[in-house]
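A short write-up of the structure that comes next.
The values are calculated or read from the model by the stated rules, or taken from the named source; none is laboratory data. Here the structure is a predicted model, which means the values were calculated and not measured. Every residue, glycine among them, receives a Cβ derived from its backbone with ideal geometry; neighbour counts consider all protein chains shown. Areas reflect the complete protein model, heavy atoms only, side chains present, ligands, DNA and RNA absent. Shrake-Rupley method; radii C 1.70, N 1.55, O 1.52, S 1.80 Å.
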Amino acid sequence: TTLQEEMKSLGYKDFNAFSKSCPSFDTFCWPIEFAELGSGHVLYFQFLAFMMFVFLVMLFLQIPAMAAYNGADHLAEWQGHDWTKSYQNKPNAPELDVNMTLTLNDTSTTQLDMNDTDTDTFKVEYLAASYLTPGNLGPDGAFNALIPTMYTACVIALCAMILIAYNNQVLTDHKVDAGTTSPNDFAIMVKGLPATATDEESIMEFFKEHAVMGKTDTEIVKVVIGWDIDEFRENINQLKELSKQLGEIDSKDEKAKQIKAEMARITGELKSAGQKDTKLRSSGVVVVVFRYQADLRACLDKWTSVWSRWFYSEAADFGCLWSNNGMCKGAELPKFPIGGRPIAKLSVARSANPGDINWAELAVPPNLRLKRLAYTNGIMALVVGVSFGAVYGIRKMQEVFGDCDSMKLRAASGGAVSSTC
């Protein structure tokens with residue numbers, strides 16, 4: 001019986017009616033209780049709790065700094081400030097009168113009254129001192145060592161919390177995985193097989209003998225080969241085109257017999273997938289399904305150790321340490337035979353669930369992946385470079401106009417003004 005028939009036999013109209021009848025989670029339950037929905041739900045709510053905790057810790061660590069900001073009120077000093085070149089700090093800057101007249105190239109006279117500035121209006125318009133920002137300290141900053149100390153403490157605390165949260169999420173993922181059963185609890189994904197490895201029986205025999213250390217009769221349920229999707233798609237398109245041509249001509253025509261023969265040939269190639277005489281190419285990626293989960297874990301222990309990743313060898317125990325410590329380099333891992341000779345080095349990892357595998361991307365060659373990666377990163381580098389150049393150019397223009405403002409102020413005190421200003 002199908003799932004729909006089973007639900008109807010239990011009195012449910014459809015899946016929505018069944019889901020509404022299920023008990024709901026408590027509003028204040030712990031995230032680990034979502035384990036039955038998968039580790040993603042648990043990790044998501046744990047991450048939200050982690051972010052709230054981070055914000056709370058940052059708030060407490062910033063209280064001393066905000067207290068220092070509250071004790072200063074120098075926002076008015078930012079008005080007219082150059083942001084990078086404090087005019088009052090220039091060694092040769094002339095003393096300015098409170099009220100002065102600027103004469104520029106004998107063409108205009110401008111009255112500058114610095115007493116007309118309403119500092120209270122300025123603070124309300126731009127930033128209030130009650131915001132407790134570093135701007136309260138004014139352009140000259142502060143000499144209180146507590147402020148940078150607390151910022152340093154924030155950075156250290158954040159790094160420590162990220163490290164702890166990462167390890168906690170890894171542990172939670174393993175805990176949820178151990179308490180639930182899913183298809184990938186019994187399957188591994190193997191890469192590195194040749195394009196000619198299209199016989200399921202030979203692949204199954206290889207892993208039956210070599211999947212688990214010290215075991216040559218591992219029970220393998222199924223081998224799923226990832227076919228070259230481009231070739232498969234090409235055959236499907238040919239079948240569609242031939243079917244269209246067949247519908248346009250008389251079935252008794254000689255050409256119709258040729259089209260039917262070609263369609264039968266292509267259909268036979270597609271049906272031969274997984275057999276020794278198949279003419280389709282493999283993507284070099286297969287999924288091997290075990291009968292027992294214990295065999296899966298033993299296989300991953302053998303094929304995913306540090307020694308297997310870097311030296312293509314098994315891990316061996318160091319004699320005086322605990323059992324299965326894997327501290328020493330062991331024998332070389334078996335290679336998949338090509339033409340009767342062991343040649344192909346394999347890469348083994350735990351498989352994703354069936355719905356998470358993008359079969360169309362399995363046949364993408366490594367060099368094409370590298371080209372796409374280089375292309376993407378090149379575009380990103382170009383965007384960053386252009387943005388940097390634009391910001392740098394704007395900054396230089398700001399400095400030029402800032403120098404012009406300084407020259408105008410010098411002109412007010414009897415100096416000369418450059419023609420570029």
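Numerical summary
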| item | result |
| --- | --- |
| When residues of the range 289-343 are limited to those that are among the hydrophobic types (A, V, I, L, M, F, W, C) and in a loop (DSSP other than H, G, I, E, B), the one surrounded by the most Cβ atoms within 10 Å (Cβ to Cβ) | LEU333 |
| Matching residues, the range 11-58, being open to solvent by less than 90 Å² (accessible area, probe 1.4 Å), free of Cβ contacts under 8 Å to residues at least 60 places away in the same chain and among the small types (Gly, Ala, Ser) | GLY11, ALA17, SER19, SER21, GLY40, ALA49 |
| Subset tally (residues that are surrounded by 15 or more Cβ atoms within 10 Å (Cβ to Cβ) and either without any contact (Cβ under 8 Å) to a residue 24 or more places away in the chain or of a type in the set (Asp, Glu) (or both)) for the range 221-241 | 2 |
| Breaking point among (1) open to solvent by less than 90 Å² (accessible area, probe 1.4 Å); (2) of a type outside the set (Asp, Glu); (3) modelled with pLDDT of 90 or more, for GLY415 | (3) |
| Some residue of the range 2-13 being of a type in the set (Val, Ile, Thr) and modelled with pLDDT under 85 | yes |
| Out of THR218, THR196, sole residue that is touching a residue at least 40 places away in the same chain (Cβ under 8 Å), open to solvent by less than 40 Å² (accessible area, probe 1.4 Å) and of a type outside the set (A, V, I, L, M) | THR218 |
| Any hit, the range 157-165, residues being part of a helix (DSSP H, G or I) and over 37 Å from the mean Cα position of the chain (by Cα) | no |
| Among residues of the range 175-185, those that are at pLDDT 85 or above and open to solvent by 60 Å² or more (accessible area, probe 1.4 Å), counted | 2 |
